[in-house]
Amino acid sequence: MQNLCVLGATGSIGLNTLDVVRRHPQKYNVVSLSAHSRVDTMFDLCVEFSPETVVMVDEYSAEQLKLKLIADDYHQIEVLAGAQALIKLASSSKVDSVMAAIVGASGLLPTLAAIKADKRVLLANKESLVTSGQIFIDALAASKAELLPIDSEHNAIFQSLPLDMQTRVGHGKIADYGISKILLTGSGGPFRETPLADFANITPEQACAHPNWDMGRKISVDSATMMNKGLELIEAKWLFNLDVDDIQVVLHPQSTIHSMVQYVDGSVIAQMGNPDMRTPIAHALAYPQRIDSGVEPFDFFNCKNFEFCAADFKRYPNLKLAIDACRQGQAACTALNAANEISVAAFLNEEIKFTEISVVNEVVMKHFSHFNVTTIDEVVDLDSQARALAHDTIKTLDVT
Ligand code: NAD
Ligand code: MG
């Protein structure tokens with residue numbers, strides 16, 4: 001029996017994780033859950049999975065949940081409030097595995113706590129590696145923790161690596177394993193063929209309607225701008241110990257191949273399947289075994305053509321920014337991620353245009369790219385300075 005903590009339980013990855021878990025009650029025991037403020041969803045999860053402890057980061061939501069649980073006679077579930085409680089949850093001795101599925105840089109400290117506490121960490125929160133890659137990889141090396149990628153591309157790359165390299169996340173050298181390139185695939189999002197002249201009028205609803213994947217709103221916008229692929233490139237750099245030039249972004253609109261590893265002998269090993277996050281989640285939960293995820297088997301006789309092409313930076317300026325940040329170093333990556341969280345939220349609130357997301361991101365990234373960040377305190381400090389500059393930059397743009 002694996003004892004599980006799900007951080008970000010009410011989100012898209014959290015709910016998909018619990019859907020896999022509910023198919024295997026004899027294998028997984030849900031010890032703890034966290035969410036920001038979705039009380040009703042968390043209440044339903046408490047009723048179904050009977051965790052020992054839950055955290056609502058928002059204090060008012062924690063109070064509401066407590067009242068609801070007591071009214072329905074669930075006195076035994078402990079409800080904690082605040083971001084600090086996430087660290088307690090992630091490092092509890094009652095937990096074997098932590099699903100890190102909080103969105104954004106708020107996932108950073110609890111995920112790091114899970115690594116330091118020697119947990120098996122199922123990493124969906126790519127922002128952890130983007131904002132503080134070296135710190136994470138060093139903490140991993142100094143611990144007995146295990147890191148398994150949930151992001152579908154990184155999970156696909158992981159599955160396509162030699163077994164020995166799978167045990168050396170963050171440290172194995174691709175050249176030692178005869179690998180020549182990592183091919184990071186992306187669909188290109190909903191605006192792959194939209195005329196560039198129409199980009200300024202894209203609405204949040206259009207940006208959140210991804211053609212293949214059903215995801216949270218922030219990552220859906222990131223997929224539309226391809227900032228998501230940029231963040232994934234930085235994530236891949238750290239997970240697989242790569243240089244930027246070892247990674248090639250390949251547009252593959254059908255999202256059937258989830259990424260590939262190219263070897264020096266000309267072999268290309270790809271992982272494919274239906275676009276459903278329950279596959280990488282089930283893979284990481286059961287690793288090195290395999291369990292049923294509930295995903296339909298892929299039907300080769302009923303699939304569309306497989307297409308591949310290069311990404312155009314005029315269409316996806318955020319992808320270019322992320323590649324530049326990855327070359328420039330940690331401060332640029334931390335600043336870009338923070339700016340992007342603010343600019344995407346402003347776009348979703350209809351405060352800025354779709355095309356202004358990259359404008360804000362570029363200003364903030366350039367401002368901080370020569371800073372030096374080596375400790376987690378410096379990361380947290382730069383993250384908040386970058387958010388402040390992003391807010392100021394948004395104020396200087398014309399209101400749409
Ligand atoms: P989501 O918005 O659907 O859910 C986010 C979860 O985090 C929710 O449970 C929410 O309550 C919680 N949360 C939000 N703000 C918080 C805060 N300040 N403090 C603590 N908790 C907070 O997001 P998602 O799509 O599930 O994505 C989660 C993570 O997984 C992201 O890092 C994303 O990049 C990554 N990811 C998601 C997908 C996907 O298919 N959704 C795929 C690959 C990677
Ligand atoms: Mg992904």
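The values are calculated or read from the model by the stated rules, or taken from the named source; none is laboratory data. This structure is a prediction, so every number in the text was calculated from the model and none was measured. Don't worry about glycine lacking a Cβ; one is built from the backbone with ideal geometry, like all the others, and counts go over all protein chains shown. Side chains are part of the model used for accessible areas, which takes the heavy atoms of the whole protein and leaves out ligands, DNA and RNA. Shrake-Rupley method; radii C 1.70, N 1.55, O 1.52, S 1.80 Å.
Structural remarks
- Per residue, the chain exposes an accessible area of 42 Å² to a 1.4 Å probe, with every protein chain left in place.
- Gln2 long-range amide H proximity, modeled H, under 5 Å: Tyr28, Asn29
- Filter on Lys173/Lys304; Lys218/Lys366; Lys27/Lys119; Lys181/Lys320; Lys94/Lys229 - keep pairs with C-alpha separation over 25 Å: Lys173/Lys304; Lys94/Lys229
- When the P(r) of the stretch 44-100 is calculated, the portion above 16 Å amounts to 44% of the C-alpha pairs.
- Computed 3J(HN,Hα) for the stretch 242-255, one whole-Hz value per residue from the Karplus formula 6.51 cos²θ - 1.76 cosθ + 1.60 where θ = phi - 60°, is 10, 8, 3, 6, 6, 10, 10, 7, 10, 6, 9, x, 7, 6, glycine and proline marked x.
- The stretch 263-400: translational diffusion in µm²/s, Stokes-Einstein, Kirkwood Rh over Cα pairs, 37 °C, 0.692 mPa s: 180 µm²/s
- Rg of the Cα atoms in the stretch 196-355, relative to 2.2 N^0.38 Å, amounts to 1.13.
- Calculated from backbone phi, Karplus (6.51, -1.76, 1.60) coupling profile of the stretch 94-102 in Hz, x at Gly/Pro: 7, 10, 9, 10, 10, 8, 8, 10, 7
- Scaled radius of gyration (Cα, divided by 2.2 N^0.38 Å) that the stretch 1-54 gives: 1.00
- Note on the stretch 329-400: Cα-Cα pairs beyond 15 Å make up 45% of the total pair count.
- Taking 0.36 nm per residue of separation and subtracting the current Cα-Cα distance, fully stretching the chain between Ala388 and Ala209 would add 61.5 nm.
- The calculated FRET efficiency for the pair Ala71 and Lys395, based on their C-beta separation and a Förster distance of 41 Å, comes to about 0.40.
- Based on every Cα atom in the stretch 291-336, Rg and the maximum pairwise Cα distance Dmax equal 18.2, 47 Å.
- Averaging the Cα positions of each part gives two centres, and for the stretch 354-389 and the stretch 11-33 these lie 35 Å apart.
- HN-Hα J in Hz across the stretch 16-31 - Karplus 6.51, -1.76, 1.60, θ = phi - 60°, x for Gly and Pro: 5, 4, 5, 5, 5, 4, 5, 7, 9, x, 7, 9, 10, 10, 7, 8
- Largest mean-square fluctuation among Leu148, Leu33, Leu69, in a Gaussian network model of the chain whose springs join Cα atoms under 10 Å apart, belongs to Leu69.
- Taking each residue as 0.36 nm, the span from Ser50 to Thr374 lengthens on full extension beyond its C-alpha to C-alpha distance by 112.6 nm.
- Each residue, Phe301 and Gln289, gets one label point 7 Å from its Cα in the Cβ direction; the gap between the two is 3.3 nm.
- Evaluated with a Cβ-only charge set (Lys, Arg +1; Asp, Glu -1), the chain carries a dipole of roughly 560 debye about its Cα centre, given to the nearest 20.
- Extended-chain gain in nm, criterion 0.36 nm per residue less alpha-carbon gap, Asp138 and Asn274: 45.5 nm
- Beyond 27 Å, the tail of the calculated P(r) for the stretch 2-149 holds 16 percent of the Cα pairs.
- For Gln271, distant residues with modelled amide H under 5 Å away: His258, Ser259
- Near Thr167, once Lys and Arg are set to +1 and Asp and Glu to -1 for all other residues with Cβ below 15 Å from its Cβ, the sum equals +1.
- Radius, Kirkwood style, for the chain when every pair of distinct Cα atoms is counted (Å): 21.5 Å
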